[in-house]
Amino acid sequence: MAVETKVRKFLNDPALVVKESLAGLAAAHLDLLRYDAQQQIVVRKGAPKQGKVALVSGGGSGHEPLHGGFVGLGMLDAACPGEVFTSPVPDQMLAATRAVDGGAGVVHIVKNYTGDVLNFKMAAEEAADAGIKVEAVVIDDDVAVQDSLYTAGRRGVGATVLAEKIAGAAAERGDGLAQVTGFVKRVNERSRSFGVALSSCIPPASGKAIFDLPEGQIELGIGIHGEPGRRRTTLGGASEVVDVMVEAVLSDLKPSRGAKVLVFLNGMGGTPLLELYLLYGEADRKLRAAGVEPVRNLVGSYITSLEMAGASLTVLELDDQMTALWDAPVHTPALRWGA
Amino acid sequence: MITEHALDAATIGTWMREIESVIRAERDHLVQLDAAIGDGDHGTNMLRGFEAVVQALGADSGSPPGRLLVLAGRTLVSSVGGASGPLWGSALRSGGRVLGEQATFEGPELVEVLAAALASVKDLGAATPGDKTMVDALEPAVDTLRERVAAGAPLAIALDEACAAAEAGGRATIPMQARKGRASYLGERSIGHQDPGATSTGLILRALQRAVATGS
C-alpha cells in the first residue's frame, strides 16, 4: 500500500500504526510489560500473579496513554487495544483475560460504547465457559450525554483512568474480586466528566479531520472519538469555558457540601500543559467557590483523542478509602509515584 | 410457481466475495457517512472484516452453506471490532445455524436465515425500527422477502424487492434522530444524515441478490 505522504503524521503504513506503536511501547518499557503481537495485547511483566485479582481494560486506540500506558504495578494487568477508535475483538480480550488470570478472578473495565460493550460481553461469556471468574464494570461518567434513555447512554471517559488507578491499587494490596469490582463501581458512581474541543482529530487511516470547527468556535460536550459535541458556540475566555465545565459536572454529581474531591484536568492530545494548568487553576478556584475541596488532582493528557485540541474535566467525590488507594504506589509507563 | 435452482455453498462463497467487492467500491462513501455522525471508520472496518471472511472461506473445502455462514460470522467477530463486528458476526452465525448441515436450500429457507440474522441483531443491539440503525434497512427487507416468497414470487424478483426495501429503509434514516450507537450522542445533530450501518446493510443484501442471480 502506498504511503500517503500528504498526511502530516509519523507513519510507515497507516494500517500498521497500532501494532508499530505497541511494539515501541514495549521496547520502551521492558521492565514493566510485554507486547504479544500475535494477540495484540499488552501484558504486565510477571503476570499472572497467583491469588491476585487481575484488571483488564481495552478499547479503541488513539487515546494513548490509555490503556497500554497504564499496565504495570498498581494499575492494569493487561490492555487490549483495538484499531484506532474501534473496539478490540473478543479474541484479544479473552487472550488478555487468560494471560493474567491468577485464579482470583478478572475484572473487565469497559467504557460505555456500543462496540466495547458488545465485544467485552462476548469475551466474558467465553471466559466464563473456560472457567475464569470475570466481573465486568461499564464506565459511563460523561454528563454531556443527556437523555440516556434515548441514546446509547453516557460515554465512559475520564473516570476510566481514575477507576483503573484506584481499583488497581486495591487489587495490588490483595483485595478480593468483589471488593475490587466494588471500587471500580464506586469510582464510576462518584465521578462526572465533561469535555470541550477546539479542533477535530485526524484518524491515520483516512488522514482527514472528522469535523470542521471554524476559528473562534468551540465544541461543547465532545467525546473522545472526534465525534462532534452536542453544541457549538463562540469561544470565550478560558474562565468562561471552565464555568461551563464545572457547572455541567457539579449539577449532575451533586456533591455533598464540603466534599473532598479529586480533580482530573485532562488534555485531549493537542493542548499543551501550559493551557491545561491554566484550566486547572480556574477549575480549582471555581470548585472551591462552589463549596467542594480539591484534595487530589491529576493534570495532563491521559485519555486523549489523537491530536485533538481540547480538554475534559472529571471530578471524583472521594472517601478515605479511595483517597488511600489513589495515593498507593503505582508504576506504569504513564503514571508513576511511590514506587 | 417457477422451479428454481437450489442455493448452496457456492452461493454463500459468491455472496461473501460480492460483499467484499461492493464494500471496497463503496468504502469511501461509507467512511463519509460515518464521519458525519460517527467516527469515520465504518467502511474501513467492514472491508477489513469481509477481506478476512473471503480468505477464511477460501481456505475451507467442502463445508455446507450453513457452516460457511457460521465461519463467516465468527471471522467477522474476530476481525472487525466496533459494533459492526459483533452485530454482523452474530447475524451470520445465527443465520448459518438455521441451515444446519444441509447441502442446499431454497427461498423459504433463505427467508428464515435472514429472519434469524435480524433477530440476533435486534437482540444484541437492542435496537428497534426508527432508532437510525441497520435494523431500519434489514427489517423491511426481511419482511418484504418473506411476503413475496410466500406469495410465490420468483426468488430473484423477491430479493430485488427486498433490496429496494432495504435501500428505502436506509434513505428513511436521513430524517431520523439516532437513539443507538455513537450517532446517538449527537442528539438532534444526527438528523439529516443517512445511517452508515443501514447503508452497508443495503449493499450486503444487493450482494446477496447478485450471488443468487449468478447461480442461475
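What follows draws every value from the coordinates through simple rules; no lab data is involved. Note that the coordinates shown come from a computational prediction; the quantities given were computed from them, not determined experimentally. Positions of Cβ are backbone-derived with ideal geometry, glycine not excepted, and every protein chain shown enters the neighbour counts.
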Q) Given the convex hull over the Cα atoms of region A:196-307, what projected area results after averaging over all orientations, in nm²? A) 7.0
(Q) Kirkwood hydrodynamic radius, computed over distinct alpha-carbon pairs, for region A:1-159: how many Å, to one decimal? (A) 16.2
Q | Vicinal HN-Hα couplings computed from phi for region A:285-301 (Karplus, 6.51 cos²θ - 1.76 cosθ + 1.60; Hz; Gly/Pro x) | A | 5, 5, 5, 4, 4, 7, x, 10, 10, x, 10, 9, 8, 9, 10, x, 9
Q | Farthest positive-ward along chain B dipole, Cα basis, beta-carbon charges - from B:Gly13, B:Leu203, B:His193 | A | B:His193
Q: Provide the packing ranking of A:203-211, B:67-75, i.e. peptides ordered by the mean count of other C-beta atoms within 10 Å per residue, highest first.
A: B:67-75, A:203-211
Q) In region A:141-201, which trypsin sites (Lys or Arg not before Pro) are in a loop and have at most 16 other Cβ atoms within 10 Å, using DSSP for the loop call? A) A:Arg173
Q: Return the ratio Rg/(2.2 N^0.38 Å) for the protein assembly as shown, where Rg is computed over Cα atoms only.
A: 0.99
(Q) Here is the link list: A:Lys133/B:Lys180; A:Lys111/B:Lys122; A:Lys52/B:Lys122; A:Lys9/B:Lys180; A:Lys9/B:Lys132. Which ones come out longer than 27 Å on Cα distance? (A) A:Lys133/B:Lys180; A:Lys52/B:Lys122; A:Lys9/B:Lys180; A:Lys9/B:Lys132
Q) Any idea what the dipole of chain A comes to, in debye rounded to 20, about its Cα centre with Lys/Arg Cβ at +1 and Asp/Glu Cβ at -1? A) 400
Q. Of all DSSP beta bridges in region A:19-189, what percent run antiparallel (nearest 5)?
A. 25
Q | Coarse-grained scattering of region B:70-216 at q = 0.10, 0.11, 0.14, 0.15 Å⁻¹, given as base-10 log I(q)/I(0) from a Debye sum over alpha-carbon atoms | A | -0.33, -0.40, -0.65, -0.74
Q. By DSSP, what percent of the beta bridges with both residues in chain A are antiparallel, rounded to the nearest 5?
A. 55
Q | Computed [θ] at 222 nm, deg cm²/dmol, chain B (DSSP H ≥ 4; -39,500 (n - 2.57); rounded to nearest 500) | A | -23500 deg cm²/dmol
